[in-house]
Each structure stands twice: as structure tokens, then as C-alpha cells.
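Undergrad: I have a structure I would like to understand better, so I am pasting it below and will then ask my questions one at a time.
The values are calculated or read from the model by the stated rules, or taken from the named source; none is laboratory data. What you see is a predicted model; the values in this text were computed from it and never measured. Here Cβ is always computed from backbone atoms with ideal geometry, including for glycine, and neighbour counts include all displayed protein chains.
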Amino acid sequence: MSDPRTLSPWLRRFLVEHVVTERNLARNTQLSYRDTFKLLVPFVGAKARKPAERLALEDLTPRRVLDFLVHLEEGRGCSVQTRNQRLTAVRAFARFVASRDPASLEWSAGVRSVALKKATPQPVGWLSKAEMEALIKVPDRGTQRGRTEHALLLFLFNSAARVSEATGLVKGDLQIGRRDGGHALVTIHGKGGKRRQCPLWPRTERALAGLLHGRADGDAVFFSRQRRPYTRFGVYRLVERCAARVPELEGRKVTPHLIRHTSACQMLKAKVDLNTIRAWLGHENLDTTNVYAQIDLEMKAKAMALCDAAGEAPDRPWKEDKGLMAFLDSL
């Protein structure tokens, strides 16, 4: 490295060597870190009035990092969670530089001193089973495009898959039409390279089978009308478009992640235990899954009825124990 104070070589080492090779972080995390610096570098360059190639580590000051975070929230309309996610990437970069260059310890400490912002937990929403079924029925199954959209919505509800897990699904991940008569299964590739299997309903199996003719094992299951694999944005647009055609969902924000919440809540209402739901969703920690136990108002109402302390207690005749005080005095 010709100039240890230049930002560019450090970024290359961080994103290529550290994040990918040394840490082996998930692909989505790699892309998130990359996107953070695609936004941050031009912002700092404009503040320092330098091209990106001439930026030094000292140009990335705590004040500019704070200004960047304000820009994300106010200029780009990002949530506090997104703001904190971007800051996490910046702090990881500062920590990496300090671990390789002790002379940068003071700079690194300054950048890492920028605090995460407390985010108010957002209430978890979900759809009733009738609303979810109405959403699934929106696509016109008389066309190939409609059959694909129907199968995708049904798969999201059946598997509770994340958007990235659905868009990354390939034919080889499906076990359908098994000759041994076994249950249809899908292997889902989740966060951190973790894999889990999920059983498929017969109607999901039939819908997916209709999409796979002529596909190789490595081909994507869900293709858009441009004959390209669905993207995250494409799935979000599909869900929004279908939700707009369901009168009961008027005015509500319906996303693929809301379908994931709906799957979890419907399993909970069906008396599926939380640990099974945790495995189904691919959660690492049961605490993450416990949120679903708090959002079903119907279950809360039943619990309240069981614990209602307002009712009158049954009459119990009082029996005077004349020997009680004598017994206590004898102790």
C-alpha cells in the first residue's frame, strides 16, 4: 500500500479480503456493506471537495459520518433501522483499519464513537386467513404470468420464506412428485448459509409443478414476464399490486414480510408450538419468534378471560379455630 492514509486501498481490502475471505459473511451482508460505501464515499467527497480516489481516512470524520446519517433519514427517507445498519458497516470498517494500522487507532475510535440511534419497535402486522386467501386468488391463472404470480404468493404463505430466499429458489431445491409417496419438500437457503426444509401443501406442490417443465436443476423457479428470475423489487411490486385489488386491504401496507408474519401467526393460531415455528421461519433465537405470541388479540382476549379477577369468588363458610391463638402462643 503506497499511502496508508488513502481511503480507497483500505476499502478494497475491507470489502474484498476481510468481509468475503476472512469473515465469509453472507452475500446479502456483503452487498449491504458495499451499498453503504457506494452512498458514503460520494457524500464525503462532496463535503471534502475531493474526488473519491483522493479521499483520505481523515476525510471520514465523525462529524461527516453523522451528517451522512442525517442525510439518510431526512434526505433519502430511510428508517432508523436502515440508518443503524449503515452505521454498523462504517464502524466495522473503522475497526478493521485500526486492527491493521495502529497509527489509525485514534481515527478509528472517533468514527466508532458515533452511537447507534434507538429505534422504536414497530408493531408486527399480519393478515387474517380470509385476507391472505383473497390475496392469493388475485392473479389470473388463465395466463402463464398469472400462474407464476399465484404460485409465488402461495409459496411465500406456505413456507414463510424471506424475499431473498424465494428469489434464490432453484428447481433443485424442490422435492415434488416423489415416487416414494413422501411429502413434498423445499430446501430453503437462509441467512448465514443456513439451510432448512419446509413441507409443501398439495396445492403449493401442484402450483410449482406447473412452472418447472423444461427447467434444469440450477434454474430459478420464479421467472418474471421478461423471462428473468424475480428480483426483490419485483416481488414487492407483485405483492403491492395484488393487495391493491383486495377491497379488505385498502389503505394497508402489504409487503412480502407481512406474508411471512401472517404465516407465523396462522401457525400459532393452529396451536403449533413456538419452537417449531422458530425452525420453520429459520430464526436463530427463540426470542425472535416470541414476538408472534404477543400480537394475536384473540388469544390475548381468551387469556384475559381465564385470568379475570373481577368475578366474585365462591362463598366459603368461615370456620373459627378457637385453638389457633393458643397454638401460636405455644410456639
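Undergrad: Hey, which of the helices (runs of 4 or more DSSP H) in the range 243-289, taking only ones fully inside, have at least 2 residues that are touching a strand residue (DSSP E or B) at 6+ places or on another chain (Cβ under 7 Å)?
TA: Qualifying helices (runs of 4 or more DSSP H): 274-281.
Undergrad: Okay, moving on. Residues Pro51, Pro42, Pro62: which one is assigned by TED's automatic domain parsing to the domain that holds Thr82 and touching a Ser or Thr at 6+ places or on another chain (Cβ under 8 Å)?
TA: Pro62
Quick grid of which residues meet (1) at pLDDT below 95; (2) of a type in the set (S, T, N, Q); (3) over 26 Å from Met267 (Cα atoms):
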{"residue": "Gln175", "(1), (2), (3)": "yes, yes, no"}
{"residue": "Ala184", "(1), (2), (3)": "yes, no, no"}
{"residue": "Gly190", "(1), (2), (3)": "yes, no, no"}
{"residue": "Gly210", "(1), (2), (3)": "yes, no, yes"}
{"residue": "Arg228", "(1), (2), (3)": "yes, no, yes"}
{"residue": "Cys242", "(1), (2), (3)": "no, no, no"}
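Undergrad: Sort out which residues of the range 26-53 are in a loop (DSSP other than H, G, I, E, B) and either touching a residue at least 12 places away in the same chain (Cβ under 8 Å) or closer than 17 Å to His71 by Cα (or both), and write them in order of number.
TA: Ala26
Undergrad: Taking Gln81 as the residue in question, decide whether it is surrounded by 15 or more Cβ atoms within 10 Å (Cβ to Cβ), farther than 17 Å from Ser8 by Cα and among the polar types (S, T, N, Q).
TA: No: the conditions fail for Gln81.
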